[in-house]
1. For the chain, what's the relative contact order in percent, using C-alpha pairs closer than 8 Å and at least 6 residues apart?
2. For the chain, with only Lys/Arg (+1) and Asp/Glu (-1) charged at the beta-carbon, what is the dipole magnitude about the Cα centre, in debye rounded to 20?
3. Mind sorting 159, 214 by how few other Cβ atoms lie within 10 Å of their own Cβ, fewest first?
4. Averaging over every viewing direction, what projected area does the convex hull of the Cα atoms of the range 105-173 cover, in nm²?
5. What's the longest uninterrupted piece of the chain once you rule out the trypsin sites (Lys or Arg not before Pro) that are loop residues per DSSP with at most 13 other Cβ within 10 Å?
6. I'd like the per residue volume of the convex hull spanned by the Cα atoms of the range 204-294, given in cubic angstrom.
7. Largest first and in whole Å, what are the equivalent-ellipsoid semi-axes of the range 140-294 based on the Cα gyration tensor, each being the root of 5 times an eigenvalue?
8. Out of these labelled values of P(r) over Cα pairs in 10 Å bins from 0, in percent, (i) 6, 28, 38, 23, 5, 0; (ii) 6, 28, 34, 24, 8, 1; (iii) 6, 29, 34, 19, 8, 3, 1, 0, which was calculated from the coordinates shown here?
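Rule-based calculations on the coordinates, nothing more; no lab input. From a predicted model like this one, the values you see are computed outputs, not experimental measurements. With ideal geometry, Cβ positions are generated from the backbone for all residues, glycine too; neighbour counts draw on all protein chains shown.
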Amino acid sequence: MSANVTSTPLQNSPNIAFEFVRSLAGELTAGKVDLPSFPEIAIRVRRILSDPKSTSDQVVRVVGSEPALAARLMRIANSASLNRSGRQVGDLRTAINRIGYNMVRSAAISFAMAQIRNANKLAGLERYLKDIWECSTLVAAYSLVLARTYSKVNPDEAMLAGVMHGIGKLYVLTRAISHPELFVDTAMLDGILKDWHASIGKAILENWEFSDEMAAAVGDQNDHTRDGPGAPDLRDVIAMAIVLASHHTDADGIDEALDGLATAKRFGLNKERARLMMRECAAEVTALTNALGD
């Protein structure tokens, strides 16, 4: 996210919104990425998995230090979506080996986002936080299904990108809580979240040293203009998963949403195939969202 926001559409908005966004840009440009109330366990997991010298014993020890996260990983490993053999695992090491490190990252971040919902510092933002958390888990589930079934994208990487796609909104909210004037007109905060969360999310992922592909997928999550030949990539997976997730309980609405959508064409998804795909993967999406959730 560039620190130069003087030419953005917010220039014509109230000065408070413009100044707030400019302050966020300054923080991110300076590399000051801190999420208040973000559980320490999620940071420790991210660090241990980012270190190529880390051993499996170290990963198990870090994850096992937070029983609730360990229980979530066990639940994911034994979920219907990932446990095709039906053989249940009963220890954390085997669970981690089964689901892989990217899934561990996804679970840790999802866990952190769920914990943030209960942070006293963010009292009053419950509705926003609940929506972000629920949307992130749903997009993550659809991302995994799309990657595995309709593309050659790594499903675990797709799921992680799905979990992270709303991290920019979380960042905005943790900063907005110190600016009560932003809540006088909810449309103002809603506009900031809508217009800026993707680019902020991209900046966060770059700062946290996630892959360039994942950062680009989060930054371009609302871009459906790319057309032409070629297999769907991670950006397509995330953009398409967001569309499907937004119509998770509105199958009829998917027809209009897909009309002329270039991203859908890259997957070969017309209205009929999209409806069929949503029906066929409904149980798997539900299983994954339940496993990632509380």
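1. Reported as a whole number, the value is 19 percent.
2. 920
3. 214, 159
4. The orientation-averaged projected area of the Cα hull of the range 105-173 comes to 4.2 nm².
5. With trypsin sites (Lys or Arg not before Pro) excluded where exposed in loops, the chain gives 153-294 as its longest stretch.
6. On the way: hull volume 10.5 nm³, N = 91.
Per residue, the Cα convex hull of the range 204-294 comes to 116 Å³.
7. 27, 18, 16
8. Computed from the coordinates, P(r) over Cα pairs in 10 Å bins from 0, in percent corresponds to (ii).
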